[in-house]
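First up is the structure itself, then whatever we jot down about it.
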Amino acid sequence: MVELGQIDRPDAASFAGKRKLYCVASIFSVADAPDDYTALVGRYWDEVVQQLEKIESAGKIKKIFSEIILEEGDKALDILRKINERVPQIIKKKLEEGGTLIPLESSELLGPYTDWSNCLRVVYTKEVFMKVLGFYNEITEKRLKHIQDTIEKNLLEAEAGLLLLKDEDRVKLQFPKDIEVFLITPPSYDDIMRWLRDKMSRKEKEKE
């Protein structure tokens, strides 16, 4: 696994003939987010674009995989645009450069996964929480297996792919040795994680 930041531009010869997967953590803002957080997220995606340009010296992106995507074309981009304007901009640029958008999700799994995830946010009793968590973990495992199988099936020999997925999901994927994984981690990623930790810390102090 290679983390961009440890190297400037990868040597294309070092990865010739290998399948390559450039992984970007999906970080979204929301409509009522504080201005400082929104600015951090904007800077994050600016830096992602810059780092992708560097990493593509190891291979141009041919396949694009993004969470939430169930179909191809403009409908897929319209769905993403409702969540984050920057991601469809990045995908559209890669499509114009010759990439192909591959539906990553299964409707049979994404729907239940979303429902159980939402249920976890509103459960109050420990007993019910543990039951819901069991269902959530079960559907999560199936969803991640589908995601991994889809990538392995569609990323061909010597091709480079772009994966847009939450980090907590990406770390659970176990790719075969012939797929070289590159982590795109701009400096602002750490700033965002620090902002979220500070927010959580303030909430905990308010409860005391």
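Here, each number is a calculation from the coordinates, and none is a lab measurement. Keep in mind it's a predicted model, so treat the numbers as computed, not measured. In this analysis, Cβ positions are derived from the backbone assuming ideal geometry, glycine residues included, and neighbour counts consider all displayed protein chains.
List of remarks:
- Comparing Glu105, Glu97, Glu127 in a Gaussian network model of the chain (Cα springs below 10 Å), the most mobile by mean-square fluctuation is Glu127.
- Most fluctuating residue given options Thr114, Thr125, Thr140, as computed from a GNM of the chain linking Cα atoms under 10 Å: Thr125
- Here the mean projected area of the convex hull built on the C-alpha positions of segment 48-132 is 7.4 nm².
- Cα-derived Rg over Rh, computed across segment 99-200 with Rh taken as Kirkwood radius: 1.03
- Averaging the sequence gap over all C-alpha pairs within less than 8 Å and six or more residues apart, then dividing by the number of residues, gives the chain a relative contact order of 43 percent.
- FRET E, pair Asp149, Thr114, Förster distance 25 Å, beta-carbon r, rounded to 0.05: 0.80
- Taking 0.36 nm per residue of separation and subtracting the current Cα-Cα distance, fully stretching the chain between Val123 and Lys199 would add 25.2 nm.
- Nearest-ten-degree value, helix 35-55 long axis tilted from longest Cα axis of the chain: 20
- If you run the Gaussian network model on the chain, springs between alpha carbon atoms under 10 Å, then out of Glu96, Glu152, Glu47 the most flexible one is Glu96.
- Pairs spanning more than 27 Å between alpha-carbon atoms, out of Lys54/Lys145; Lys54/Lys203; Lys63/Lys199; Lys62/Lys145: Lys54/Lys145; Lys54/Lys203; Lys63/Lys199.
- Only helical runs count toward this figure. For the chain, summing -39,500 (n - 2.57) over DSSP H runs of n ≥ 4 and dividing by all residues gives -17500 deg cm²/dmol at 222 nm.
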